[in-house]
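Data first, discussion second: the structure below is written as structure tokens.
The values are calculated or read from the model by the stated rules, or taken from the named source; none is laboratory data. For clarity, every value in this text was computed on a predicted model and none was experimentally measured. Quick reminder, even Gly has a Cβ in these numbers, built from the backbone with ideal geometry, and neighbours come from all protein chains shown. Only protein heavy atoms, including side chains, enter the accessible area calculation; ligands, DNA and RNA are left aside. Shrake-Rupley method; radii C 1.70, N 1.55, O 1.52, S 1.80 Å.
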Amino acid sequence: MLRHTKSPLLSLPGAVPAEGPDEGVAAHYGDLFREQRTLADGSGFVDLSHRGVITVTGPGRLAWLHLLLTQHVSELPPHQATQALILSPHGHIEHALYLVDDGETTWAHVEPGTQDDLVAYLESMKFFYEVEVADRTADIAVAYLPAGSIAATPEGVVARETAYGRDLFLPRERLAEFAAEHGPAVGVLAYEALRVEGHRPRLGLETDHRTIPHELGLIGEAVHLQKGCYRGQETVARVHNLGKPPRRLVFLHLDGSVVTIPGHGTPVRLASDGPEGRQLGFVTTAVRHHELGPIALALVKRNVPVDATLLVGEGTAASQETVVEP
């Protein structure tokens, strides 16, 4: 069951609570486009304290995680960020972990509410390995600093540095103090807009029960093709070597006159077929961007022509950019 951790920053002036998977933090603080520009300029921070946090300790932690994850982590250097998945036996994405190791502990943040199932799975796979898995969501909050931020990482706080920003594993009792020192606070809607612009898929939005990594362009980024066995590896290798995934992620520029942003699951069809045409995919995340206007990510059938104009919902035209090659 999804557990939401309510952030103390919802008491900040102008805070409007987010809904859906981001419940528990602020959607925005009163000015969505200004907040997007703040992030794009490398300023401010985003409260992601609703996300799950787990840690793995013990001398064998990286060797053990290497057996379970899609990523090569057995020799992961301290403080180097990486991303990994846990797949079903049939190769479908079950968990997405955003990892960093500080030399003594492996830290990961995950989608809100998924930490319970993840910890249960990891506990079931411990066998004779001397590792300890802990759910740290109650005492550790994730805060995001955008790329280009000159804010210093607070002393004693583990940071996960990527090309698009810095994830901080911050003691939850320090969140309000951090906000006062590193504001302005920016809501998750702005963070999501830049995520969509960057074509970065998210578990539970760009995935469903049958999504495989190839459909989202995660081979290489989150799936290492030259590592040893892991659950679901057979599917990954077979599709990579012998075939193509049935669907592919695309980036959509929606007609700028659209009044209502399409929701998750809104059907996508060929514009030439009209609103009664055969559904060829669905919108995964749609947002309003401060420069690009309404944009979206969508999953469509692999054989949809890359130059075709698409129709979202009942009448919103959309041009596509290729994220995953057909």
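Summary of computed values
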quantity: Failed condition for residue 281, given (1) crowded, with 19+ Cβ neighbours inside 10 Å; (2) under 30 Å from residue 162 (Cα atoms); (3) free of Cβ contacts under 8 Å to residues at least 60 places away in the same chain; calculated: (2)
quantity: Whichever residue in the stretch 187-209 is within 23 Å of residue 33 (Cα to Cα) and among the hydrophobic types (A, V, I, L, M, F, W, C) and, among such residues, is surrounded by the most Cβ atoms within 10 Å (Cβ to Cβ); calculated: 190
quantity: Test for residue 165: is it under 28 Å from residue 250 (Cα atoms), out of contact with any strand residue (DSSP E or B) (no Cβ under 9 Å at 6 or more places or on another chain) and of a type in the set (Gly, Ala, Ser); calculated: no
quantity: Residue satisfying all of: in the stretch 96-115; in contact (Cβ under 8 Å) with a residue 40 or more places away in the chain and not in a strand (DSSP E or B); farthest from residue 48 (Cα to Cα) among these; calculated: 104
quantity: Selection count where residues are closer than 17 Å to residue 5 by Cα and open to solvent by 50 Å² or more (accessible area, probe 1.4 Å), scope the stretch 86-145; calculated: 6
quantity: Some residue of the stretch 149-156 being modelled with pLDDT of 95 or more, open to solvent by 30 Å² or more (accessible area, probe 1.4 Å) and within 21 Å of residue 18 (Cα to Cα); calculated: no
quantity: Residue within the stretch 172-186 that is part of a strand (DSSP E or B), without any contact (Cβ under 8 Å) to a residue 60 or more places away in the chain and open to solvent by less than 30 Å² (accessible area, probe 1.4 Å) present; calculated: no
quantity: Residue match in the stretch 29-41 (condition: modelled with pLDDT of 95 or more, open to solvent by less than 20 Å² (accessible area, probe 1.4 Å) and of a type in the set (Gly, Ala, Ser)); calculated: no
